[in-house]
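S.K.: Encoded as structure tokens, here's the structure I'll be asking about.
The values are calculated or read from the model by the stated rules, or taken from the named source; none is laboratory data. A quick note: this is a predicted structure, and the numbers were derived from the prediction, not measured. Here the Cβ positions follow ideal geometry from the backbone for every residue, glycine too, while neighbour counts run over all protein chains shown. In case anyone asks, the SASA skips ligands and DNA or RNA and just uses the protein heavy atoms, side chains included. Shrake-Rupley method; radii C 1.70, N 1.55, O 1.52, S 1.80 Å.
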Amino acid sequence: MRRGAEDVAVIGAGMVGAATAALLARAAPDTPIVVLDADTPPRWSHDDAPGLRVSALSEASRRVLAACGAWDEIAAARISPYVSMRVWDGEVPAGGPGAIRFDAADIAQPVLGYIVENELVRLALRNALLRLDNVRLLDGARLESLALDEPGAELAVEDGRRLQVRLVVGADGAASPSRSMAGMEVHGHDYEQRAVVCNLRCQLHHGETAWQRFLPSGPIALLPLADGCVSIVWSTTPAHAQQLLEMDDESFRAAVAEGSDGCLGEVVEAGPRAAFPLRMRHAPVYTRARFALVGDAAHTVHPLAGQGANLGFLDAAALAEVVAAALAAGRDPGDPALLRRYERWRKPENLLSMRAFDGINRLFSNANPGLGAARRAGLTLVDRLAPLKGVFMRRAMGLEGDLPAIARRAA
């Protein structure tokens, strides 16, 4: 097959897609890459209120974003480091038995992570891509068809353009048109929950702490923002979520204060609200000849641990590492045997996290009194076992596990 202007096409310029393109472009500067972005370009300004969609980025994700050339812009704009996390069962007070406290100082780390607006991350990654000579970013480019064969891959864009490449990366989100076009399945289930998101100003300052209370209908999390406000993610039943969306401002503020057990006092102000459905999805196969899935296109998880974006960034780093090494050795980046190395690397790690989050949600999101006692006993035990608690924190921060090289390297 005649080679086109690019060797690699990344479908999707969201956080994970843009990171994949940036990492590979920097690791293989002689490799031309094209990125198809069907979404509108990110819009973010210091003058705007914080966006509704935020991510709890781990230290590993910070290192990945630094390797992309995006972290300095993010850090200079608006981030909220958090040093502590409080997690407790809904039937007990935040500081009582059945509660657990994570502190960065306990594992000699300056922070546990960073709460960052998704649009800011997208903007910084887009700017990083625009600075790379071997990346071509196509705005408003929606994939129409995808043909994968032995000699190469051919993509058709809705505007009539056709591209021929050696490797296609599907990074176009949970619905992933490219995954469907590649003939790859996804399995999973609905949680029968919706996540209500909103930014709030509370009576008390968040104290650089993330708060999460498990209620029978699902967890409510209060995540610290840079301006002293908090972003809530309240996972609950669809009916209750609809009620929360339809409440007047005063009733909503009272409901949040009650749902969070008043951990930050009264809710003084509440911004616009939105909600989205929660689903667990996982592709049984991540790769085939000339095609690889990353991020939400390969897996979606419950937001209770805030790890969705972090898993995706590790996918991006692992795939870029595998493909860059192959290109340096003169190998075909679309070789199925090569791509299976990436799948064997990331699939077990993602499955471990997905099953853990799924199990935690099932254990805590119910009103079974017998399980309630077991939950509280388990949380109390973990809180008292410093080594075990340290393992949980280091794993969540991306400091342990089978990590890509750039995630292991402090930056």
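S.K.: For R409 and R131, compute 0.36 nm times the residue count separating them, minus their Cα-Cα distance, and round to one decimal in nm.
M.R.: Fully extending the segment from R409 to R131 adds 97.8 nm.
S.K.: For an R0 of 30 angstrom, estimate the FRET efficiency from the Cβ-Cβ distance between A337 and D139 and round to the nearest 0.05.
M.R.: It comes out at approximately 0.30.
S.K.: Over all directions, the average projected area of the alpha-carbon convex hull for segment 33-74 comes to how many nm²?
M.R.: 4.4
S.K.: Looking only at the chain, where both bridge partners belong to it, what percent of the DSSP beta bridges are antiparallel (to the nearest 5)?
M.R.: Approximately 70 percent, going by the DSSP bridge assignments.
S.K.: Run the helix sum for the chain: -39,500 (n - 2.57) per DSSP H stretch of 4+ residues, divided by residue count, reported at 222 nm to the nearest 500 deg cm²/dmol.
M.R.: -11500 deg cm²/dmol
S.K.: Continuing with this model, one more query. Whole number in Å², please: accessible area per residue of the chain, 1.4 Å probe, ligands, DNA and RNA not counted.
M.R.: For the chain, the per-residue accessible area is 41 Å².
S.K.: What nm distance separates the two modelled labels at R355 and A329, each placed 7 Å from Cα along Cα→Cβ?
M.R.: Rounded to a tenth, the inter-label distance reads 3.0 nm.
S.K.: Computed over the Cα atoms of segment 177-273, what is the ratio Rg over Rh, Rh following Kirkwood?
M.R.: 1.10
S.K.: Additional query: On a full-extension model of 0.36 nm per residue, what is the gain between Q243 and D190, subtracting their alpha-carbon distance, rounded to one decimal in nm?
M.R.: 17.1 nm
S.K.: Could you work out the mean projected area of the convex hull around the alpha carbons of segment 1-145, in square nanometres to one decimal?
M.R.: That works out to 12.6 nm².
S.K.: Nothing charged except the Cβ atoms of Lys and Arg (+1) and of Asp and Glu (-1): what's the magnitude of the dipole of segment 174-220 about its Cα centre? Round to the nearest 20 debye.
M.R.: Roughly 180 debye for segment 174-220.
S.K.: Where does each of V111, V285 land when they are ordered by accessible area, with a 1.4 Å probe and the largest first?
M.R.: V285, V111
S.K.: Now for a different question. So how much slack lies between A147 and D30, counting 0.36 nm per residue of separation and subtracting their Cα-Cα distance, in nm?
M.R.: Additional length available on full extension: 39.6 nm.
S.K.: Same structure, new question: Place a point 7 Å from Cα of D402 in the direction of its Cβ. Which residues in segment 260-286 have their backbone N less than 20 Å from it?
M.R.: Within reach of a label on D402: 282-286.
S.K.: Report, to the nearest whole %, how much of the accessible area of the chain belongs to carbon and sulfur atoms, 1.4 Å probe, protein only.
M.R.: Carbon and sulfur together cover 52 percent of it.
S.K.: On to the next question. Net charge near V54: determine it from the other residues with C-beta under 13 Å of the C-beta of V54, scoring Lys and Arg +1 and Asp and Glu -1.
M.R.: 0
S.K.: How compact and how long is segment 132-231, expressed as Rg and Dmax of its alpha-carbon atoms in Å?
M.R.: 21.5, 62
S.K.: So, one more: From zero up to wherever the largest Cα-Cα distance of segment 259-369 sits, split into 10 Å bins and tell me the percent of pairs in each.
M.R.: The percentages, shortest bin first, are 12, 34, 25, 16, 9, 4, 0.
S.K.: Between Q203 and E73, what is the spin-label point distance in nm, taking each point 7 Å from the Cα along the Cα→C-beta axis?
M.R.: Calculated label separation equals 4.2 nm.
S.K.: For segment 168-224, restrict the atom set to alpha-carbon positions and state the Rg and Dmax in Å.
M.R.: 17.9, 52
S.K.: Another question, then. Suppose accessible area is computed on protein heavy atoms with a 1.4 Å probe; arrange T237, T40, T20 from highest to lowest.
M.R.: Accessible-area ranking of T237, T40, T20, largest first: T40, T237, T20.
S.K.: To check my understanding: the extent here is largest minus smallest coordinate of the Cα atoms along each principal axis. What are those three numbers for the chain, in Å, largest first?
M.R.: 66, 42, 37
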